[in-house]
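Any read-out appearing in this document is the output of simple, stated calculations on the displayed coordinates, not a laboratory observation. Quantities reported herein were computed from a predicted structural model and do not represent experimental measurements. Neighbour counts run over all protein chains shown; Cβ positions are idealised from the backbone, glycine included.
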Amino acid sequence: MATTRSSARSQVLWFAVLSVVLGAFSQTTPAQQPKVLAPHKPVAPRLPRNRSWDKPASAQALVGGFWMTDANFRATLYLGNSVKTDPVTVMPILHLSNGVQYVLSPVTLEPSGTAVVNINQALAKQGIALYATLSGYVEIQYQWPWAAICATVWDVDTVHSLIFTYGLRPPPDPAAHGLMVANQQTQTLEGMWWKQESNVTGFLALSNVTAKPIRATVQVTDNQNHDLGDHTVTISPHGTKLVNLSELQFTTSSSGGVLLTHDGPGGGLLVSGGLEDESVGYSAHLLLIPLPDASAKVSEASYAALGLMSGAADPMMSFPAGTVFAPYLVARNVSAGDGDADALVDARSQRKFGAACGGHIGTARDPESGRALADCRGGAEEFQRQREPDSGHQGTGRGRADGQRERGSEEHLCV
């Protein structure tokens with residue numbers, strides 16, 4: 001009898017608890033209020049494509065993108081389609097340094113799509129060993145009413161942590177070559193080299209994208225314009241010549257110039273340069289530009305650069321332990337006149353920019369001449385010069401890791 005009464009009491013108690021719980025959940029809460037959509041205007045459906053507005057397709061082409069392969073280097077062609085409504089099919093062509101060409105399989109890029117072509121594997125399909133030491137340039141051909149494709153070649157050596165990227169450009173006008181030869185016109189380009197370690201060396205890859213031979217000369221000088229080396233080469237039609245600037249290893253100067261002249265048309269000789277030090281994984285571009293117009297008026301121009309790092313690397317950036325960054329700026333006057341250049345450095349963060357300013361907010365000066373090198377005050381980091389507009393000075397600022405390997409950019413250039 002007692003057991004029956006106890007069991008009954010338990011049932012009554014459970015029923016009471018269950019009633020309270022269900023009652024609590026049956027109450028209306030704010031989360032259960034009916035949803036009211038925010039007022040908005042409906043998106044109109046996309047209009048159908050009117051093909052009658054399309055211009056007729058024409059032959060388009062891009063050339064350049066110096067590539068190199070060997071046991072360590074892997075070359076990759078990145079393609080991008082700027083057309084949002086239609087796919088575009090391109091035909092990649094690999095030009096070897098001796099002028100031999102290999103036509104690869106067509107690549108179809110979806111609207112606003114990208115594609116990747118492994119050049120090492122493409123050569124392997126032609127019966128060439130993956131570890132073969134080869135170089136050359138890329139050509140892509142396609143049909144579209146306008147220039148719709150961008151392309152970049154990445155040359156990466158993961159063993160030595162070397163990275164070089166080179167873009168493609170439209171080929172020169174074939175009629176321009178004959179006109180320049182008839183007028184005996186010579187093309188002149190000038191650039192600068194620099195090195196932070198004694199083992200830094202450099203190279204120039206000269207690619208002839210025309211149907212006629214091009215003769216070129218390269219002169220390398222130090223920062224006092226003293227001659228360090230001279231090179232003379234003839235580049236066969238659609239061939240590539242690699243000029244090794246080994247003289248950089250035997251000079252005590254840390255910077256200097258490179259002067260290149262050739263008898264081809266403007267844009268007919270593509271110059272792809274690089275600086276490297278395999279022992280520490282250092283790689284940088286060696287850029288050459290046309291000489292400035294001597295008749296241009298003197299004016300002021302400014303250049304800005306972002307993302308410079310100084311001091312110990314942030315552990316969250318996954319650099320090797322002990323990596324230390326030191327920003328530096330190199331400028332070269334490629335005009336016939338004198339010019340003054342001032343560097344303004346943003347010093348709002350001493351931890352990030354302190355090394356560039358000697359660890360203080362103020363003016364960093366050359367210890368020998370006493371001349372101001374960097375005015376460490378608020379504002380964007382800026383490189384100013386007094387010279388011809390758009391040319392006349394060359395400048396470069398880079399952050400390097402002392403004794404460590406430099407990381408490559410994650411961006412794919414579209415030129």
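Among the listed pairs 125/212; 55/84; 212/241; 212/297, which are separated by more than 26 Å between their Cα atoms?
Those over the limit are 125/212; 212/297.
Among 241-254, 287-300, 268-281, how do they line up by average Cβ neighbours within 10 Å per residue, starting with the highest?
268-281, 241-254, 287-300
Quote the FRET efficiency, to the nearest 0.05, computed for residue 246 versus residue 52 with a Förster distance R0 of 60 Å and r equal to the Cβ-Cβ distance.
0.50
Placing +1 on the Cβ of each Lys and Arg and -1 on the Cβ of each Asp and Glu in the range 182-291, which of 264, 218, 198 has its Cα farthest towards the positive end of the resulting dipole?
Value: 264.
Quote the convex hull volume per residue of the range 221-347, based on C-alpha atoms, as a whole number of Å³.
189 Å³
Apply the Kirkwood formula to the range 156-315: the hydrodynamic radius equals the inverse of the mean of 1/r over all pairs of different alpha-carbon atoms; give it in Å with one decimal.
It works out to 17.6 Å.
Excluding residue 263 itself, what net charge comes from residues whose Cβ is under 15 Å from its Cβ, given Lys and Arg +1 and Asp and Glu -1?
+3
Just the Cα atoms of the range 56-169, one point each, no solvent: what log10 I(q)/I(0) does Debye give at q = 0.15, 0.18 Å⁻¹?
Those come out to -0.62, -0.86, one per q.
Once you have the alpha carbon radius of gyration of the range 246-301, what is it after dividing by 2.2 N^0.38 Å, with N set to its residue count?
1.52
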